[in-house]
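Accompanying notes for the structure given below.
The values are calculated or read from the model by the stated rules, or taken from the named source; none is laboratory data. The model shown is predicted, which means the values in this text are computed figures rather than measured ones. All Cβ positions, even for glycine, are placed from backbone atoms using ideal geometry, and neighbour counts span all protein chains on display.
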């Protein structure tokens, strides 16, 4: 789960955004997680990773949190609302030092990234577990979706509680779409932080170093407009919709990818995404060996 448009909200009013986020967690989110047997594994500034005993518990919690947020936002202008996006998946995980890793976590994060503000996206595996058991609101089948850094397309189900559906019930006079930054008159791109898919999470420095090298190389091309490393790294650990990032940074393309090591083998996957439509226009995979100095 994370907050949609968090960077924009923080830019508008940092103190108010933080205060509201903490208040919603204290009065709604955390109590609902506890009520449905959830465990907060870790927080990521504007979001959190939660483990549940069952998919039914996770879905009921998500629905109640989003319904509660929709009620809280009824009279709040659209551009001032704190709205969550939630992704749910059932899958194997690796537990290490009270943290969890693995494809189960990665897929949940990707599902959250394609959810609408105020909505919930769940995998087909999770939907099979909750079908006929969670009847508060229906989930719509949105078909097979290609998720970032997930090898095979996945069938996804979506439910909208708050967000655009909720806001149309009682529109606010001051509500309105957030204006997008004007795109430069030359090719524009942001290199997003790469995911570290290695078992050893201490190798984040390797993924970050690759991103820095790519950013520096692109910056040397005079005909390109390249977002600075620090601005792009603000999205680290925060799955977001490509169109949202494109609007916030004012770029036409995003370069994203992943790095995975096993012994002295390394695999790097990169993808180029067009932000207006969210389409993948190019992808490549590179593999090889690395020499690691293990001396203290």
- Note on the structure: If you go through 251, 211, 226, the only one that is within 26 Å of residue 121 (Cβ to Cβ) and either surrounded by fewer than 16 Cβ atoms within 10 Å (Cβ to Cβ) or at pLDDT 85 or above (or both) is 251
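Could you please find all residues in region 213-234 being outside any loop (DSSP other than H, G, I, E, B) and within 21 Å of the chain's Cα centre (by Cα)?
At the first step, the residues of region 213-234 found to be outside any loop (DSSP other than H, G, I, E, B) are 213-219, 225-226, 229-233.
Of everything in region 213-234, those that are outside any loop (DSSP other than H, G, I, E, B) and within 21 Å of the chain's Cα centre (by Cα) turn out to be 229, 230, 231, 232, 233.
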- Specify the residue that is modelled with the highest pLDDT; the eligible residues are those in region 153-197 that are in a helix (DSSP H, G or I) and surrounded by fewer than 19 Cβ atoms within 10 Å (Cβ to Cβ). 164
- Give the number of residues within region 1-24 that are part of a helix (DSSP H, G or I) and either crowded, with 16+ Cβ neighbours inside 10 Å or in contact with a strand residue (DSSP E or B) (Cβ under 6 Å, 6 or more places away or on another chain) (or both). 8
- Item | Failed item, numbered, when residue 95 is tested on (1) in contact with a helix residue (DSSP H, G or I) (Cβ under 7 Å, 6 or more places away or on another chain); (2) at negative phi | (1)
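Go through 44, 27 for me and flag whichever is loosely packed, with under 15 Cβ neighbours inside 10 Å and touching a residue at least 24 places away in the same chain (Cβ under 8 Å). Break it down stepwise before answering.
Values: 27 fails: touching a residue at least 24 places away in the same chain (Cβ under 8 Å).
After applying the criteria, what remains is 44.
Got at least one residue in region 268-282 being farther than 30 Å from residue 86 by Cα and at pLDDT below 90?
So the first thing to find is which residues in region 268-282 are farther than 30 Å from residue 86 by Cα, and the list is none.
The answer is no, given that none of the residues of region 268-282 is farther than 30 Å from residue 86 by Cα and at pLDDT below 90.
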- Query: Among the listed residues 82, 107, 150, which satisfies the condition of being closer than 27 Å to residue 200 by Cβ and not in a helix (DSSP H, G or I)?
  - Reply: 150
- Note on the structure: Counting only residues in region 115-141 that are more than 18 Å from the chain's Cα centre (by Cα) and assigned to a strand (DSSP E or B), the one farthest from residue 284 (Cα to Cα) is identified as 140
- Query: When only residues in region 276-291 that are more than 22 Å from residue 204 (Cα to Cα) and touching a strand residue (DSSP E or B) at 6+ places or on another chain (Cβ under 6 Å) count, which is surrounded by the most Cβ atoms within 10 Å (Cβ to Cβ)?
  - Reply: 280
- Note on the structure: Of the residues in region 125-147, those that are in contact with a helix residue (DSSP H, G or I) (Cβ under 9 Å, 6 or more places away or on another chain) and at pLDDT below 75 number 4
- Has region 67-75 got any residue that is crowded, with 16+ Cβ neighbours inside 10 Å, modelled with pLDDT of 90 or more and part of a loop (DSSP other than H, G, I, E, B)? no
